[in-house]
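Inspection log for the structure reproduced underneath, given as structure tokens.
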Amino acid sequence: MAFDLQEQEQIDSLKAFWQQWGKLIGGAVLAVSLGYLGYKAYGMYQRGQSEKAAAAYEAVDDAVAAKDIAKLKSAAQQLQGEYAGTLYASRAALVLAKAAFDKNDPALAASQLEWVLKNGKDEELQAIARLRLASLLLDQKKFDGAIGELNQAHPAAFDAEFLELKGDVFVAKGDSNGARDAYKAALAKMQGESPNRQLVQTKLDALGG
């Protein structure tokens, strides 16, 4: 098939373009394709891990029902070791922390809460862990440590709870002004008819605020 001069120039130009840039473009297309396939494979891996973790979490429920803290510790550690990136691992750590606290084992409780803060992927579960750790430190009269935890970043939805607990720490320290400010700030953060509003108001009233 014959081409006129203009068409031949366009063909020659296109050939020259591909000779110069073809490998680079091909490599870019390949990289994008591999990236997409990798993303899909990672998603499938994550779903698989989550399903396996859900099955492993049944051992946590069983241990709680049996009130067997040794089995609970074993189940939680398995989740933390094999499925650390899943929500189930953080949830198991929180459950174990509560059981340890109830069994008067604050060291184990603290270690589990700290695990969530270091390894957890969910901001809400991390906020819960931080609140519980601050409460544990308050019980141990480690007031500065508790305040330090409560000053850390957290989702806005937890502002009122962090401020209320901060007020409790200030009360324990004997800092009435600090407690009063914290309780007032907590009340300002509460939405509508919060069930905790009356309790915080009672704490504030007790300070003469």
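The number of residues in segment 64-73 that are modelled with pLDDT of 90 or more and either outside the structural domain of Arg91 (by the TED database) or surrounded by 13 or more Cβ atoms within 10 Å (Cβ to Cβ) (or both) comes to 5. Taking every residue in segment 104-133 that is free of Cβ contacts under 8 Å to residues at least 24 places away in the same chain and pairing it with any residue that is open to solvent by 50 Å² or more (accessible area, probe 1.4 Å), at least 6 positions away or on another chain, the pairs with Cβ-Cβ distances below 8 Å are Leu113/Arg132; Leu133/Glu114.
Cβ separations smaller than 7 Å between residues 6+ apart or across chains give the following pairs from segment 56-71 residues that are more than 14 Å from Tyr88 (Cβ to Cβ) to residues that are open to solvent by 70 Å² or more (accessible area, probe 1.4 Å) and assigned to a loop (DSSP other than H, G, I, E, B): Ile69/Lys103. When Leu79 is tested against (1) open to solvent by less than 10 Å² (accessible area, probe 1.4 Å); (2) out of contact with any Phe, Trp or Tyr (no Cβ under 7 Å at 6 or more places or on another chain), exactly one condition is not met: (2).
If the condition is being in contact with an Asp or Glu (Cβ under 9 Å, 6 or more places away or on another chain), open to solvent by less than 40 Å² (accessible area, probe 1.4 Å) and outside the structural domain of Ala56 (by the TED database), then segment 89-139 contributes Ala127, Ala129, Leu131, Leu133, Ala134, Leu137, Leu138.
For segment 176-208, a residue qualifies if it is open to solvent by 60 Å² or more (accessible area, probe 1.4 Å) and either touching a Pro at 6+ places or on another chain (Cβ under 7 Å) or not in a helix (DSSP H, G or I) (or both), and the qualifying residues are Gln191, Glu193, Pro195, Gly208.
Among the residues of segment 63-85, those identified as within 12 Å of Ala99 (Cβ to Cβ), of a type in the set (D, E, K, R) and in a helix (DSSP H, G or I) are Lys71, Lys73.
For segment 158-175, residues that are within 24 Å of the chain's Cα centre (by Cα) and outside any helix (DSSP H, G or I) total 0. Screening Glu164 with (1) surrounded by 14 or more Cβ atoms within 10 Å (Cβ to Cβ); (2) under 17 Å from Ala110 (Cβ atoms) gives one miss only, at (2).
The values are calculated or read from the model by the stated rules, or taken from the named source; none is laboratory data. All values derive from a computational prediction rather than experimental measurement. Note that each Cβ is placed from the backbone with ideal geometry, even for glycine, and that neighbours are counted across all protein chains shown. Areas reflect the complete protein model, heavy atoms only, side chains present, ligands, DNA and RNA absent. Shrake-Rupley method; radii C 1.70, N 1.55, O 1.52, S 1.80 Å.
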